[in-house]
Amino acid sequence: MHLCPLQLKPWPSYISERLELYNRLKKESDAILAKQAANSQPISVVLPDGQKVEAQSWITTPYQLACGISQGLADNCVIARVDGGLWDLDRPLEKDCSLELLRFDHEDYNKFKCRILNEKVETPTTTVYRCGPLIDLCRGPHVRHTGKIKALKIYKNSATYWEGRSDMETLQRIYGISFPDSKMLKEWERFQEEAKNRDHRKIGKDQELFFFHDLSPGSCFFLPRGAYIYSTLTEFIREEYWRRGFQEVASPNIYNSKLWETSGHWQHYSENMFSFPVEQDVFALKPMNCPGHCLMFGHRPRSWRELPLRLADFGVLHRNELSGTLTGLTRVRRFQQDDAHIFCTMEQIESEMKGCLDFLRCVYDVFGFSFQLHLSTRPEKFLGDIAVWNQAEKVQLENSLNEFGEPWKLNPGDGAFYGPKVSPSEYSSYAFFFFFFFRPLWLSPRQVMLVPVNPSLEEYASKVCKQFVEAGFMADADLDSSCLLNKKIRNAQLAQYNFILVVGEKEKMTNSVNVRTRDNKVHGELTVAEVLARLTLLKQSRCRNAEEVF
């Protein structure tokens, strides 16, 4: 045993016990091997070139045979392969066998670079870079020399699969970054710490909104408070659909692959679908609602008087995203979206598009988000007639975007294979974080907290809390008598309760509460009825800054 500088002195008892057990088992194993060696028999070992060498079973090791061939070979070997299986160099051979002596760079166990060359490099030549003794494939470009790098940090490692596919080899991914000076590294570290605190996955876990689990990768588990946000958002969009003439439908989750073949999804998207055999057919979970809505539209003859027909669906969708790409709520396998399809004539496209853009602006305004529109046009692989594509792109969609009045950009060739698309890109990421973390009253899963001044007021606090719950608010009462008043108020603020209602003897006598907000703004004493009325109005109007307006 070799001593190391970090070795504990004296050893903890569990280490001594483990070493004692190891030594006892090692002694037993050595005795068994010695007994086998005492009964050793001559064996024949076949080398890769067909040469046969003699050896002794349970005595001769691959390393000893390597030394017999060449000391240089023995020094460069890292492991042996015996009858096709990997074998320690110092483990005795047991019977007649084939033997290969493998170097560190043996191609069978260093195949990833070969795969890159064979599968990824499509040009006659490619580039390699050298840094000292290291020569590696790389597109570049690189800095002129490593002296330009003054600060370096290896900041994370994680398990992954080759090409992100779970059926491929498991690898370790190492993340590193370098800068030309240490000041830039420190600034980057500061930014990363801020980003970590804003990470929606951390917020979701800390505030008990949602989480993810390895037993269902890419599928979010919404906890009660997270489900409240989810259902509140759904109801908001449902109301807007209704106001705009959309009809809500519910469609199946599973379809025969024949439907996807008809729609073209099977040819273009099947690798991203969860499919499985059912009796003699292949079925798949739906990754989108389009084909199902087409079946609804086509299940009976339609009159032109029914157009435009606007169908909305909140059904569950599944997409087989690679495990390495799954990222919180931003990249998932199971999700729901406010998905709708409009069946209309060519002449109705422009007016319907204007209605959709107005819908978009209305929703984004509620959240205070800004956005930019993109028109994605016909890709190289497409379905349908070019004239129809041109009519939709150049006339209806471009006209609608120009009249909408918001800036938009062209994304040539980025449309879906079945049609052009207009998509918004939300570019106010700070606003999204602010909205997500400091949720407005109408969307908050922690709207009201009742705080009694002392245990004798707990009954009154519970009574008022019940009134708010019955009025449709997410309300709680802090009845932990071990906490002082200031501690309770601080806890409620940290938990992001929009309004904290403190109740004492005076408030109990007047059926009132003392109102303050999560940012510690004190509004003073008001009757319960008045607070209920004000908060109800702010909630119904979806006010973004209810604490200030109150």
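Every number in this text was worked out from the coordinates using simple rules, so none of it is lab data. This one's a predicted model, so the numbers in the text were calculated from it and none came from an experiment. In this analysis, Cβ positions are derived from the backbone assuming ideal geometry, glycine residues included, and neighbour counts consider all displayed protein chains.
Are there any trypsin sites (Lys or Arg not before Pro) in the range 146-188 that are in a DSSP loop and have at most 16 other Cβ atoms within 10 Å? List them by number.
Details: sites: Lys148, Lys150, Lys153, Lys156, Arg165, Arg173, Lys183, Lys186; in loops: Lys150, Arg165.
Answer in residue order: Lys150, Arg165.
Among His318, His106, His265, what is the fewest-to-most ranking by other Cβ atoms within 10 Å?
His106, His318, His265
Please give me the summed charge of the neighbours of Arg333: other residues whose Cβ is under 15 Å from its Cβ, Lys and Arg +1, Asp and Glu -1.
On the way: positive: Arg165, Lys286, Arg319, Arg331, Arg334; negative: Asp214, Glu271, Glu321.
Cβ neighbours under 15 Å give a net charge of +2.
Quick one: net charge around Trp389, please, counting Lys, Arg +1 and Asp, Glu -1 for every other residue with C-beta under 14 Å from its C-beta.
Details: positive: Arg378, Lys381, Lys394, Lys421; negative: Glu380, Asp385, Glu393, Glu398, Asp414.
In short, -1.
Distance in nm between label sites at Asp365 and Leu329, each 7 Å beyond Cα in the beta-carbon direction?
About 2.4 nm, to one decimal.
Which values of log₁₀ I(q)/I(0), to two decimal places, follow from the Debye formula for the chain at q = 0.05, 0.07, 0.12 Å⁻¹ with a uniform point scatterer at every Cα?
-0.41, -0.74, -1.31
Mind listing the Cα extents of the range 419-550 along all three principal axes, in Å, largest one first?
Result for the range 419-550: principal-axis Cα extents of 66, 28, 23 Å.
For the chain, return all DSSP H helices satisfying: extent of Cα atoms along own axis at least 15 Å; mean Kyte-Doolittle hydropathy at least 0.0.
Values: long enough: 13-38 (37 Å, -0.59); 182-198 (24 Å, -1.95); 224-243 (28 Å, -0.78); 349-367 (27 Å, 0.43); 458-470 (18 Å, -0.65); 528-540 (18 Å, 0.85).
Sorted by number, the helices that extend far enough and score high enough are 349-367, 528-540.
Report the charge-dipole magnitude of the range 212-335 in Debye, nearest 20, computed about the Cα centre from +1 at each Lys and Arg Cβ and -1 at each Asp and Glu Cβ. Show your work: numbers first, answer last.
On the way: 14 positive and 12 negative charges, 78 e Å.
The calculation lands at about 380 debye.
Going by how many other beta carbons lie within 10 Å of each one, how would you line up Cys67, Cys131, fewest first?
In increasing order of surrounding Cβ atoms, one gets Cys131, Cys67.
For His145, His374, His341, which order do you get if you count the other beta carbons within 10 Å of each Cβ and list the fewest first?
Values: His145 8, His374 16, His341 19.
Going from least to most buried by this count: His145, His374, His341.
Around Val448, with a cut-off of 13 angstrom between Cβ atoms, what is the net charge of the other residues, counting Lys and Arg +1 and Asp and Glu -1?
Values: positive: Arg446, Lys466, Arg516, Arg518, Arg534, Lys539; negative: Glu470, Asp476, Asp478, Glu547.
That works out to +2.
Can you pull the one-decimal nm distance between simple spin-label points at Val522 and Asp49, each 7 Å off the Cα toward Cβ?
The modelled label-to-label distance comes out at 9.3 nm.
Could you tell me which GluC sites (Glu not before Pro) in the range 115-204 are loop residues by DSSP with no more than 11 other beta carbons within 10 angstrom of their beta carbon?
Details: sites: Glu119, Glu122, Glu163, Glu169, Glu187, Glu189, Glu193, Glu194; in loops: Glu122, Glu169.
Passing sites in the range 115-204 are Glu122, Glu169.
In terms of modelled amide H atoms, which long-range or inter-chain residues lie less than 5 Å from the amide H of Phe274?
Correct list: Leu285, Asn320.
Gain in length, Thr536 to Glu169, computed as 0.36 nm per residue apart minus the alpha-carbon separation, to one decimal in nm? Walk me through the numbers before you get to the answer.
Numbers: separation 367, 0.36 × 367 = 132.12 nm, distance 5.61 nm.
Gain on stretching Thr536 to Glu169: 126.5 nm.
Using a cut-off of under 18 Å, list every residue of the range 170-199 whose amide N is near the label point 7 Å from the Cα of Val143 along the Cα-to-beta-carbon line.
It comes to 175-189, nothing else.
With charges set only on the Cβ (+1 for Lys and Arg, -1 for Asp and Glu), what does the dipole of the range 40-107 come to about its Cα centre, in debye to the nearest 20? Before the final figure, lay out the partial values.
Details: 5 positive and 11 negative charges, 26 e Å.
The dipole of the range 40-107 has a size of about 120 debye.
Using helices alone, I'd like the mean residue ellipticity at 222 nm for the chain: each DSSP H run of four-plus residues gives -39500 (n - 2.57), total over residue count, nearest 500.
Details: 19 runs with 195 residues, N = 550.
Rounded to the nearest 500, it is -10500 deg cm²/dmol.
Return, ordered by residue number, the residues of the range 119-151 whose backbone nitrogen is under 15 Å from a label point located 7 Å along Cα→Cβ of Asp181.
148-151
Suppose R0 equals 45 Å; then what is the FRET efficiency for Asn491 and His268 from their Cβ-Cβ distance, rounded to the nearest 0.05? Please list the in-between numbers first.
Working: r = 52 Å, r/R0 = 1.17.
Efficiency for this residue pair is about 0.30.
Label points 7 Å out from Cα along the Cβ direction at Ser462 and Tyr129: separation in nm?
6.8 nm
Pick out, in residue order, every one of the chymotrypsin sites (Phe, Trp or Tyr not before Pro) in the range 92-141 that is DSSP loop and has at most 13 other C-beta atoms within 10 Å; say none if there are none.
Values: sites: Phe104, Tyr109, Phe112, Tyr129; in loops: Phe104.
Those that pass, being in a loop and sparsely packed, are Phe104.
Between Ala471 and Asn545, what length comes free when the chain is fully extended (0.36 nm per residue of separation minus the Cα-Cα distance, one decimal in nm)? Before the final figure, lay out each step's value.
Working: separation 74, 0.36 × 74 = 26.64 nm, distance 2.05 nm.
Residue separation times 0.36 nm, minus the Cα-Cα distance, leaves 24.6 nm.
Set the Förster radius R0 to 51 Å, insert the Cβ-Cβ distance between Arg238 and Val395 as r into 1/(1 + (r/R0)^6), and round the FRET efficiency to 0.05.
Working: r = 32 Å, r/R0 = 0.63.
The value I calculate is 0.95.
Which FRET efficiency, nearest 0.05, do Asn197 and Arg305 yield, Cβ-Cβ r, R0 51 Å?
Values: r = 56 Å, r/R0 = 1.10.
The pair Asn197/Arg305 has a calculated efficiency of 0.35.
Give, rounded to the nearest 20 debye, the magnitude of the charge dipole that the chain has about its Cα centre when Lys and Arg contribute +1 at Cβ and Asp and Glu contribute -1 at Cβ. Before the final figure, lay out the partial values.
Details: 69 positive and 70 negative charges, 261 e Å.
My answer is approximately 1260 debye.
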